[in-house]
Amino acid sequence: MIRTFNEQIEAFWRSAKGKSSQKLREELDELLAQRPAGDAVVLFQRASLHDYLGEEAQAVEPYRAAIATGLDPEKLDEARIQLASTLRNLGETGQAVQLLQLIQASSHVYRDAQAFLALALHDAGDHQQALRVALQTLAPTLSLYGRPVHDYAKELAGTI
């Protein structure tokens with residue numbers, strides 16, 4: 001069975017749990033050898049592995065390089081979220097907020113980005129804005145009280 005590169009990457013991540021860091025590096029290196037070394041996808045996957053292994057500081061530059069090199073729009077927003085999460089973990093909450101605010105409502109990961117934005121805002125000390133973002137993101141999913149929750153969230157920001 002011939003699988004596409006993306007399918008192979010997805011399979012790699014599905015099977016990652018419980019493997020040693022050395023084994024993961026070897027398997028990912030083997031997969032990434034199919035692409036040019038400076039390829040945006042290669043950079044993104046390497047950064048993702050650093051993150052997965054708890055090596056946040058080592059993930060920052062490959063994420064930035066992947067974003068600068070040109071990921072497709074779907075992966076670009078995923079890279080922004082992952083870089084923002086990494087920066088937040090490293091105490092760079094302002095940079096995290098800026099990255100997350102670049103993700104448009106039309107993105108397939110917009111709600112995910114809003115969750116990370118709420119965390120970054122909270123860590124930055126802007127608790128009211130963090131709660132507003134979280135509630136406004138949650139409101140459309142509520143079965144009965146979405147409108148009032150959305151309105152209360154707007155009141156938190158003083159926008160009503």
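The values are calculated or read from the model by the stated rules, or taken from the named source; none is laboratory data. Model, not experiment: these values are computed from the prediction. No Cβ is skipped: glycine too gets one built from the backbone with ideal geometry, and neighbour counts run over all protein chains shown. When the accessible area is computed, the model is the full protein with side chains, heavy atoms only, and any ligands, DNA or RNA have been set aside. Shrake-Rupley method; radii C 1.70, N 1.55, O 1.52, S 1.80 Å.
Structure summary
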quantity: Accessible solvent surface per residue of the chain, calculated while the other protein chains remain in place, 1.4 angstrom probe, Å²; calculated: 58
quantity: With all protein chains modelled, accessible area of Glu7 [1.4 Å, Å²]; calculated: 80
quantity: Net length gained if the chain between Asp151 and Arg3 were fully extended (0.36 nm per residue, minus Cα distance); calculated: 48.5 nm
quantity: Theoretical FRET efficiency, 1/(1+(r/R0)^6), r = Cβ-Cβ of Lys23 and Val109, R0 22 Å, to 0.05; calculated: 0.15
quantity: Two-site label geometry, His127 and Arg14: point separation in nm, points 7 Å out along Cα→Cβ; calculated: 4.3
quantity: Fraction of accessible area attributable to carbon and sulfur, the chain (%, probe 1.4 Å); calculated: 52
quantity: Eligible lysines near Lys75 by straight Cα distance, threshold 28 Å, same-chain separation 8 or greater; calculated: Lys17, Lys19, Lys23
quantity: Value at 222 nm in deg cm²/dmol, rounded to 500, when DSSP H runs of n ≥ 4 in the chain each add -39,500 (n - 2.57); calculated: -21500 deg cm²/dmol
quantity: Between 0 and 90°, nearest 10: helix 5-14 axis offset from the chain longest Cα axis; calculated: 70
quantity: Candidates Ala11, Ala40, Ala120, ranked by Gaussian network fluctuation over the chain, Cα under 10 Å, top entry; calculated: Ala11
quantity: Cα-derived Rg to Rh of the range 58-160, Kirkwood definition; calculated: 1.03
quantity: C-alpha long axis of helix 73-89 to longest principal axis of the chain, angle in °; calculated: 80
